[in-house]
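Enquirer: Take this structure first; my questions come after.
Bear in mind these aren't lab numbers, they're just calculated from the coordinates by the rules spelled out. Nothing here was measured: the structure is a model prediction, and the numbers come from that model. All Cβ positions, even for glycine, are placed from backbone atoms using ideal geometry, and neighbour counts span all protein chains on display.
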Amino acid sequence: MIFDRKGPPRILGMLLFLFASSSSVRAQTIDETINELVGAVTTPFVKFIFSPLPGTDIPWIVLWLIIAATIFTFYFGFIQVRAFRHSIDLVKGDYSRPEDAGEVSHFQALATALSGTVGLGNIAGVAVAVAIGGPGATFWMILAGLMGMASKFTECTLGVKYRNEYPDGSVSGGPMYYLSKGLAEKGLGLPGRVMAVVFAVFCVMGALGGGNMFQANQVHAQLVNVTGGANSILSGEGWVTGLVMASIVFLVIVGGIRSIARFTEKIVPFMAVLYVGAALVILAMFIDKVPWALGQIVSGAFTGLGVAGGIVGALIQGFRRAAFSNEAGIGSASIAHSAVRTKEPITEGFVSLLEPFIDTVVICTMTALVIVITGVLEFDPQSGLYIWNSEAGRVATEGGLTGVALTSAAFGKGISWFPYVLAVAVVLFAFSTMISWSYYGVKAWTYLFGEGRHRELTFKVIFCVFVVIGAAMNLGSVIDFADAAIFAMALVNIAGLYILMPVVKEEMNSYLDRLQRGEIKKTKR
Amino acid sequence: MAQEVFIVAYDGRDLQVVEFAVDRAIKEGARLLIVHVLEWSPYSFLTTEELVERHKTRQQELTRANEMIMKPILEKVRQAGATADGDVRYGHVVDIICTIAKEKTAVMIFVGRSSSLSNRVFGSAASGLAQSAPVPTVIVP
């Protein structure tokens, strides 16, 4: 039905024609051209978002996230520690009412939100953090994950509380709704609406950047990596990988072939377990080096260990990559969490705080430990410092690798065939993240331009085009734009969270009081 | 003395089990409770789109089950002369039937025997009930 439309699919057809007709041009030129054209547009935006605070090297946006996570942690009295056990009980279904069977469970909301966040950020992003910030970045990343749990708790509670429920039973929630409705309750109707619109604009950009281009880019990198590296048939042909991925994404989000998405949703959790399992096996193989690696992570966090940026460099990279990976404070996950059926919005906040824990504290830490322990970062044993590659602006790595290729090499040191499994995992992680973000993007797009199939279709086609662009561009440009787009969402979202955090506190106190008094009881024994 | 309750696990297709249960209920003066279970696990995985549409989908599934499955079978059973009620629930078939049997203090469960390949491999509702039903269970071939 969709294919008889004459609108956006024609655009995709033109794009296909454009690529096909460029066969006379050197393939590498296509990638380079895309890189230059898109880079010229995105650079000013990236520069603005990551501009340092005057007189320091610290990007103001990173500090924005650190301060927010710290404030939420203290404001809610270390809720991530206090409610951790209760959160697990909620996910297990101990408090679910039998009459709600068939509705979205807490487990399902968490799993779906996780499939959007567990992606290339956990595999490639961590490698970038450790390569630029040294092992010490891992320490700050873990801390960011732990504190980010409070940010996620705040935004997901608000996501449920202020969601829109339509007569047909469907729901729309997320920062657009809590910013507009929540701030209106506080007498800030106009600023709330403006912030909701600005958030939606950044969310569209975030969906295209972090939720799409970065994923496609790193899928291509890993496919090149396992098919021969520089000699691979795919080397320099990112647009080919992009076109294939875009076609599959197109089939799912435009063609409505949900079976592919369903398959991915089912297999991704198993891939995540397999990934963590493989990391544990490698840690066991290098068990004698574990204390040393932990020492490197802790001392690197406070000394820099020869990394050019020192402590600040490690801290920035740790927080930056943690935020990109677990999306705490970004607002995206509250779109998925808002679908859960509950009379207590705070319960979804409790459940969501497990997300940064699983994503960052568990999965990202595993990646970082494997990279540090397997010695793919070049280390000078005499000076006890890492060798700095000033030209690349990062620690010298084995074979000059970075991103997913570095993680792959590290896993390959322990399990020689694992890079192939990793390639499959990377494709699936990237794909599930893209599908989730395409949805977040559609929600933001329709918030801006109104509901309607044509409007949704327009965004979905643009989304597919960006898959090709992301795969063709180089990692540096993609990662900068992806980060900038995602962080820009945090700019507006966190401002709104500050205004609305008393609402969350009221909900939290009321719920915890009733829980303590025994008014809220387990339904399962 | 309260009327005894027989539970019929009805999958929407197997009329034999219903007919057999109707005969028994009329002879014994029991009331039938026909149960149709929509298989559901709170631990299954959903896409984001499925997640936000779940409540709507659930309402549609319940309406369809009530209109297309429960209503016609209840009419048929009542026409045959038995007293019967219906219940449509979400969950795992065996667990739900066992729960209802306890809730309603039923005295007997009737279930059909499916011969599909997946049931042979992973076990059927009949085999599950044979192992865990709290009351005598009749498996109708």
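Enquirer: At most 16 other Cβ atoms within 10 Å and a DSSP loop assignment: could you name the chymotrypsin sites (Phe, Trp or Tyr not before Pro) in the range A:416-461 that fit?
Expert: A:417
Enquirer: Quick one: if you stick a label point 7 Å off each Cα along the C-beta vector at residue A:390 and residue A:81, how many nm between them?
Expert: Result: 4.3 nm between the two label points.
Enquirer: Here's something else I'd like to know. Just rank A:140, A:64, A:239, fewest to most, by other beta-carbon atoms within 10 angstrom.
Expert: Final ranking by Cβ density, sparse to dense: A:64, A:239, A:140.
Enquirer: Too long at a 23 Å Cα-Cα cut-off: which of A:92/A:460; A:181/A:343; A:343/A:505; A:92/A:266; A:443/A:522; A:343/A:524?
Expert: With Cα atoms farther than 23 Å apart: A:92/A:460; A:443/A:522.
Enquirer: Sticking with this one: If I take R0 = 22 Å and measure r between the Cβ atoms of residue B:56 and residue B:11 in this structure, what FRET efficiency does the formula 1/(1 + (r/R0)^6) give, to the nearest 0.05?
Expert: E between residue B:56 and residue B:11, to the nearest 0.05, is 0.35.
Enquirer: Let me ask you something else. If contacts are Cα pairs under 8 angstrom and at least 6 residues apart, what is the relative contact order of chain A in percent?
Expert: 33
Enquirer: Could you list A:183, A:369 so that the one with the fewest beta carbons within 10 Å of its beta carbon is first and the one with the most is last?
Expert: A:183, A:369
Enquirer: Kindly express, to the nearest 10 degrees and within the range 0 to 90, the angle between helix B:15-28's C-alpha long axis and the longest C-alpha principal axis of chain B.
Expert: Its long axis makes an angle of about 40 degrees.
Enquirer: Does the protein assembly as shown classify as rounded, prolate or oblate by the C-alpha gyration tensor (a ≥ b ≥ c root eigenvalues; a/c under 1.5 gives rounded; else a/b over b/c gives prolate, otherwise oblate)?
Expert: Prolate shape, in that a/c is at least 1.5 and a/b is the bigger ratio.
Enquirer: Okay, moving on. Rounded to whole Hz and in sequence order, give me ³J(HN,Hα) for the range B:58-66 from the Karplus expression 6.51 cos²θ - 1.76 cosθ + 1.60, θ = phi - 60°, writing x for Gly and Pro.
Expert: Residue by residue, the range B:58-66 yields 4, 4, 5, 5, 5, 4, 4, 5, 5 Hz.
Enquirer: Related question: Taking the range A:240-347, which trypsin sites (Lys or Arg not before Pro) meet the DSSP loop condition and have no more than 15 other C-beta atoms within 10 Å?
Expert: A:343
Enquirer: Please report B:55, A:106, A:454, A:337 as a ranked list, fewest other C-beta atoms within 10 angstrom at the top and most at the bottom.
Expert: Lowest to highest Cβ neighbour count: A:454, B:55, A:106, A:337.
Enquirer: 7 Å from Cα along Cα→Cβ at both residue A:302 and residue B:19: what's the point-to-point distance in nm?
Expert: So the two model labels end up 8.2 nm from each other.
Enquirer: For residue A:165 and residue A:420, compute 0.36 nm times the residue count separating them, minus their Cα-Cα distance, and round to one decimal in nm.
Expert: 87.4 nm
Enquirer: What residues from the range A:41-80 fall in the zone where the backbone N is under 17 Å from a label point 7 Å along the Cα-to-C-beta line of residue A:312?
Expert: A:50-67
Enquirer: When the Cα centres of the range A:179-206 and the range B:6-71 are compared, how far apart do they sit, in Å?
Expert: So the two Cα centres are separated by 44 Å.
Enquirer: Right, another one. At a Förster distance of 22 Å, what's the computed FRET efficiency of residue B:138 paired with residue A:522, Cβ-Cβ distance as r, to 0.05?
Expert: Computed FRET efficiency for residue B:138 and residue A:522 comes out at 0.05.
Enquirer: Right, another one. So, counting K/R as plus one and D/E as minus one, what does the shell of residues with Cβ under 15 Å around residue A:495 add up to?
Expert: That works out to +1.
Enquirer: How large are Rg and Dmax for the range B:5-140 when only the alpha carbon atoms are used, in Å?
Expert: 15.4, 51
Enquirer: Let me ask you something else. By the scheme Lys and Arg +1, Asp and Glu -1, what is the net charge of all other residues having a beta-carbon under 10 Å from that of residue A:356?
Expert: Net local charge, residue A:356 excluded: -2.
Enquirer: Next question, about the same structure. The range A:387-455 to the range A:114-140: how many Å between their Cα centroids?
Expert: 10
Enquirer: Quick one: give the max-minus-min coordinate of the C-alpha atoms of the range A:376-444 along each principal axis, largest first, in Å.
Expert: 54, 31, 17
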